[in-house]
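Encoded as structure tokens, the structure appears first; notes follow it.
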Amino acid sequence: MDRERALEYAVEHSHEAGDLRVGAGTAPDPSGLTTREREVAELVALGRSNREIAQELVIARSTAERHVANILGKLELSSRVQIAAWVLGPR
């Protein structure tokens, strides 16, 4: 299994422990991330660029960049790799 498929598999199966998608704008977990930020974090974990995230979610690239910046700030992280580790890590 290649790296991208492994990440996709991990993200897909992380939902089995509990549905992470709730109403728009709500905080689904103690991290304080909104549903949209959680969605963006999952796409970051899949290796998507801000441009690709924007295209997939039909939002402006600057909005995708802001979501990534918000995620980094809320989780006190400093890189996209750390976001991926957070998404794929144990809960």
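The values are calculated or read from the model by the stated rules, or taken from the named source; none is laboratory data. This one's a predicted model, so the numbers in the text were calculated from it and none came from an experiment. FYI the Cβ positions are ideal-geometry reconstructions off the backbone, even for glycines, and counts take in every protein chain you see.
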* Assess whether Glu56 counts as being in contact (Cβ under 8 Å) with a residue 24 or more places away in the chain and closer than 25 Å to Arg5 by Cα. => no
* What are the residues in region 49-83 that are of a type outside the set (Val, Ile, Thr) and in a loop (DSSP other than H, G, I, E, B), if any? -> Ser49, Ala60, Glu76, Leu77, Ser78, Ser79
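Conditions (1) assigned to a loop (DSSP other than H, G, I, E, B); (2) at pLDDT below 95; (3) closer than 21 Å to Ser79 by Cα, marked per residue:
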site	(1), (2), (3)
Tyr9	no, yes, no
His15	no, yes, no
Leu20	yes, yes, no
Gly25	yes, yes, no
Pro28	yes, yes, no
Ser31	yes, yes, yes
Gly47	yes, no, yes
* For the subset of region 38-54 comprising residues that are charged (D, E, K, R) and within 17 Å of Ala85 (Cβ to Cβ), which member is surrounded by the most Cβ atoms within 10 Å (Cβ to Cβ)? -> Glu42
